[in-house]
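The values are calculated or read from the model by the stated rules, or taken from the named source; none is laboratory data. Since we're looking at a predicted model, the values are computed, not measured. Counting neighbours? That spans all protein chains shown, and the Cβs are built from the backbone with ideal geometry, glycine included. Surface areas here come from the heavy atoms of the whole protein model, side chains and all, with no ligands, DNA or RNA. Shrake-Rupley method; radii C 1.70, N 1.55, O 1.52, S 1.80 Å.
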Amino acid sequence: METDKNVGRRLYNCLCETIGSEEVVKARRQFYATVGYFTEKKHFSLVTSGSKAEGLEMKSDKDVMCLFRLVNVSEKRTDDSFLIPNNFVMDTDDCKPCFTQLKGNSCNYDSLVNWLSTPYGQELRFESGRIRHWIVSIFGLFRPVTLHGPCASDMDEYLDITVCLRCPVFIQQAQPWIKRERFWPSPNLVSNICSYGTLLVPIGTKDSPNEHLEWRMSFSVAEKHLIFSFTHTQLLCYALLKLMFKQAIEKKEKFNGLLCS
């Protein structure tokens, strides 16, 4: 038993040196929170996600989402939603779960929003495909980048960046998660997650004829809130599983692309 305890302590200390101590993890999280605060603008703000924003040092790239606040997303059309500038309504009828199209529903569109949209019958659709190429063209001015899913990735795989939109409500498809019986997370944490709403990133279903019009629902902010609620020991266990994935599973060709971190 004593030997097992010694092994456990050695593993804990090793992970703290590799991943980060409790103080180091806290400092990293504060750094990324500060970056988000000081880069917030009227129409754009940064949303960091991934291992680095969680406070972990996993030799991974930085995941940054640029929240396009100029666009308003409504889950449903209401009597007065047409009066909101740059408003788009979610349309999930012809999409797979966790994907949506964005249907124009506004009396006024900014010139940039209008340019990034495409006519669809008598309506406008906010086009995810055009957004992705817009991201690549902008960040390609500063460094060589490639398109990787919804992100522009630099050639050194140091930075993944994309544009995202925010629906201010926790969408109907995810509502069953709120009422699920559980010991964790706490009701207060669930409430905080739901109050943020849902993010949308510009990527569609690969086999869809309307892939260029579809947006994927993202819960990366919710995931970050959940991980921030971990104790440091729980966080190290989580990081250990990530290391196993990167070092053992992901490197095997037959498993490559089968799982995500």
Among the residues that make up the range 101-116, is at least one of them touching a strand residue (DSSP E or B) at 6+ places or on another chain (Cβ under 7 Å), outside any loop (DSSP other than H, G, I, E, B), open to solvent by 20 Å² or more (accessible area, probe 1.4 Å) and modelled with pLDDT under 90? no
Note to self: Whether any residue in the range 216-227 is without any contact (Cβ under 8 Å) to a residue 60 or more places away in the chain, at negative phi, among the aromatic types (Phe, Trp, Tyr) and in a helix (DSSP H, G or I) is what I want to check.
What the structure shows: no
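Determine whether Tyr32 is under 19 Å from the mean Cα position of the chain (by Cα), part of a helix (DSSP H, G or I) and either of a type in the set (D, E, K, R) or loosely packed, with under 12 Cβ neighbours inside 10 Å (or both).
no
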Counted residues in the range 78-94 being open to solvent by 20 Å² or more (accessible area, probe 1.4 Å) and assigned to a loop (DSSP other than H, G, I, E, B) come to 8
Taking the range 35-47 and keeping residues closer than 27 Å to Glu22 by Cβ and either open to solvent by 40 Å² or more (accessible area, probe 1.4 Å) or in contact with an Asp or Glu (Cβ under 7 Å, 6 or more places away or on another chain) (or both) leaves Val35, Tyr37, Phe38, Thr39, Leu46
**Item:** Any chance Leu67 is in contact with a Phe, Trp or Tyr (Cβ under 8 Å, 6 or more places away or on another chain) and among the aliphatic types (A, V, I, L, M)
**Value:** yes
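Residue-wise test of (1) out of contact with any Leu (no Cβ under 6 Å at 6 or more places or on another chain); (2) surrounded by 15 or more Cβ atoms within 10 Å (Cβ to Cβ); (3) over 29 Å from Thr92 (Cα atoms); (4) of a type in the set (Lys, Arg).
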| position | (1), (2), (3), (4) |
| --- | --- |
| Asp160 | yes, yes, no, no |
| Gln173 | yes, yes, no, no |
| Ser191 | yes, no, no, no |
| Ser208 | yes, yes, no, no |
| Lys224 | yes, yes, no, yes |
| Met244 | yes, no, yes, no |
| Gln247 | yes, no, yes, no |
**Prompt:** Just a yes or no: is a residue in the range 129-137 open to solvent by 80 Å² or more (accessible area, probe 1.4 Å), touching a residue at least 40 places away in the same chain (Cβ under 8 Å) and over 15 Å from Thr100 (Cα atoms)?
**Reply:** yes
Within the range 49-77, of all residues that are polar (S, T, N, Q) and modelled with pLDDT under 85, the one surrounded by the most Cβ atoms within 10 Å (Cβ to Cβ) is Ser51
